[in-house]
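Q: First the structure, then my questions, so here it is.
The values are calculated or read from the model by the stated rules, or taken from the named source; none is laboratory data. The structure displayed is predicted, hence computed values, not measured ones. Please note: Cβ atoms are built from the backbone with ideal geometry, for glycine as well, and neighbour counts cover all protein chains shown.
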Amino acid sequence: MSRRTELYIFAALMVLVAYSGYYYFSSRSHVAGFPGVFAANSKFQPLDVQEPDLHMNLLERIRKTEYAGSHRNIFSATAPPIEKPKTEASKFVGPRSAPPPPPVQIPAEFFGYAWRPHSEKRVAFFTSGDDVLIVHEGDSFLGRFRLDRVGNDSADVEELSTGRHATVPLVQPPDQGSNQ
């Protein structure tokens with residue numbers, strides 16, 4: 001196909017598109033005599049307002065109203081604080097705290113210690129039933145306790161699960177030679 005034939009076909013198509021667009025928009029744009037209105041409701045009745053003045057008394061009443069709800073930041077994801085009813089029964093002095101946890105019970109007795117002259121760490125001796133436990137400072141024993149420090153008359157022990165500390169006093173073992 002020659003270049004000239006392509007131009008004639010293109011011009012004919014452009015005329016066809018322009019005519020169809022004109023026909024489509026001209027038939028739609030004049031609904032009920034109003035250009036540019038595409039759909040009109042023939043049942044529409046405007047309000048019959050006899051006096052279009054503002055009612056200043058109603059406007060003033062609206063201006064005087066104040067918001068009485070909770071003043072919460074609507075852009076915050078946290079829940080607003082719960083307001084407690086103010087009654088006489090809710091008055092108390094000071095915050096209520098939970099009772100302290102019971103003291104740590106160590107199922108072993110501390111009966112002695114030893115140390116080497118060239119080492120700063122001490123070794124503690126505990127009895128648990130018939131077993132004798134030899135525990136270095138910083139080591140754990142009985143699966144749930146750690147020996148923190150060994151003193152001259154007590155040992156400081158930490159419970160591993162809770163982190164609570166206890167002091168185990170030095171106990172003298174019963175004299176073995178007195179029952180003979």
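Q: Considering only the stretch 18-35, state which residues are modelled with pLDDT of 80 or more and either exposed (fewer than 10 other Cβ atoms within 10 Å of the Cβ) or not aliphatic (A, V, I, L, M) (or both).
A: Hits for the stretch 18-35 are Y19, S20, G21, Y22, Y23, Y24.
Q: Still on this structure: Tell me the strands (runs of 3 or more DSSP E) entirely within the stretch 95-157 that contain at least 2 residues that are basic (K, R) and surrounded by 13 or more Cβ atoms within 10 Å (Cβ to Cβ).
A: Strands (runs of 3 or more DSSP E) meeting the threshold: 145-150.
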